[in-house]
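In what follows, a structure is listed as structure tokens, so that the remarks can point back to it.
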Amino acid sequence: MTESLRNIFYNETKSKNRYQSIDSLYFEWEVETNNIKRIPFASVPTETGENGTDIVMAFTERYFEKYDIFKIDNSGQQCFVVARPVRKADNYWEVTVRLIDNDYKSILDVSACQPGMTARFQSNAHPELHQEGYIKYQSNVSKHRNYITTFRNDDSWSALYAAHEDVFVSIGKGENQGKLKETIYKMEKKEKVLLDNFLYARNNGLLFNRTSVDVNGKSTIVDPNDGRPIYIGDGIIPQVERFASKYAFSKLTVNVFNTVIAMLGEKAEQPTGNKYVFICNERFWFLLNQTLGQYLAQFHTDGTYLYSKKANGYVEVGAKAFDTYNYMGNQISFKVDRTFSREYGYKEGYCLCLDLTADSTSAEPPILSDIWVGDIAA
């Protein structure tokens, strides 16, 4: 899976090499999401804004500026910022606002302004001959840093093993009333054993490892013999789990699909025309085919709504398995990775959803994701 996802990073060179050497232990990259941020409340407002009075709200970062109009997500009430934000701490900014109405009768719904609840920018309004203005970037960029992990595997063998490495060994085994039945044993080449072990360690590390590096770039783990630092970089899953949307389900249904695809669409540049890849364990793969198969049988969906995109055995959706198809105007592909089954088990469905659509202006492929966890089998 990590091999197939290597196009999530951008390389300016035209080299056809699969890997690129760098002379540093760490590297940085930017992730772009094309949606307006939702800013969490840092505390509960003490005023309620009766008769058009001011309300002091606190947010975790400076985002709303003077003359901005923002909406409180849980209540839908709209607020107008009447003064520049005031910094009380790095993660505590006070913003003075007034509720927007036409009769001064609105009262703030404090229950929708609890810490952790969010508000989002909607618009702005300025007086004539105003002297200041601000912008909100439609595409929000976050910078990430990761560290290179060193993987190594060693093997040892005897002279006898080396001499017989490439041969098949036949052993006569007495069965069926004394008649000899030949049993064949293959001795694996040491290079293959080494490569298999290395690929297993590397694939699992690039997927699941959590970083050992602190905020100052120092590793918290060192070699006990000589004190050399051991750098462990974050794998894909810990990075995604830290920033991605998460969706837990008890039963996989088409409505669950619609919800998750809508969550991906909120972060995508366009709601349609995207390329989503769903990497899942075997339990989720079973639930997927069961759910979509029942959906087709129940609603008699035709090929213009759900249809296969490949001819390598997946001739028609529902005939053998769901591989790649168009749904809600987006191309959706499924990939089963047994590594996910080993990590998350065979009783619970797990799926990592990635948006690999290239940016329309820079052609850089972003990585937007959701995680599904659910369906604990009896």
Let me know the whole percent of all Cα-Cα pairs from the range 43-90 that are separated by more than 17 Å.
34 percent
For D214, project a label point 7 Å along Cα to C-beta. Then give me every residue of the range 220-255 with its amide nitrogen under 19 Å of that point.
220-224, 227-234
Return the distance in nm (one decimal) between the two label points of a simple spin-label model at E266 and E241, each offset 7 Å from Cα along Cα→Cβ.
2.2 nm
How do the peptides 87-98, 261-272, 212-223 rank, highest first, by the average count of neighbouring beta carbon atoms within 10 Å per residue?
261-272, 87-98, 212-223
Just round it to a whole percent: the fraction of Cα-Cα distances in the range 183-285 exceeding 21 Å.
62 percent
So K190 and V82, fully extended at 0.36 nm per residue minus their Cα-Cα distance, gain in nm 31.7 nm
With a 10 Å Cβ neighbour count serving as the proxy for reagent exposure, in which order, fewest first, do F284, F334 appear?
F334, F284
Over 23 Å between Cα atoms, which of K275/K335; K246/K267; K190/K335; K71/K267; K37/K88; K37/K246 qualify?
K190/K335
Protection proxy ranking, peptides 119-128, 49-58, 148-157, average beta carbon neighbours within 10 Å, highest first:
49-58, 119-128, 148-157
Through the Karplus equation 6.51 cos²θ - 1.76 cosθ + 1.60, θ set to phi - 60°, convert the phi angles of the range 229-243 into ³J(HN,Hα) values in whole Hz; use x for Gly and Pro.
x, 10, 8, 10, x, 5, x, 4, 5, x, 5, 5, 5, 6, 10
Taking 0.36 nm per residue of separation and subtracting the Cα-Cα distance, what length does fully extending S24 through T253 add?
77.8 nm
Taking F198, F80, F41 and counting other C-beta atoms within 10 Å, the order from fewest to most:
F198, F80, F41
How high is the FRET efficiency from Q294 to R342, r the C-beta distance, R0 25 Å, rounded to 0.05?
0.30
Counting all Cα-Cα pairs in the range 224-278, those more than 14 Å apart amount in percent to 69 percent
Given H placed 1.01 Å from N in the peptide plane, which residues other than close sequence neighbours of F151 have an amide H under 5 Å from its amide H?
none
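Where a number appears in this text, it was derived from the coordinates with a stated rule and is not lab data. Model, not experiment: these values are computed from the prediction. Neighbour counts run over all protein chains shown; Cβ positions are idealised from the backbone, glycine included.
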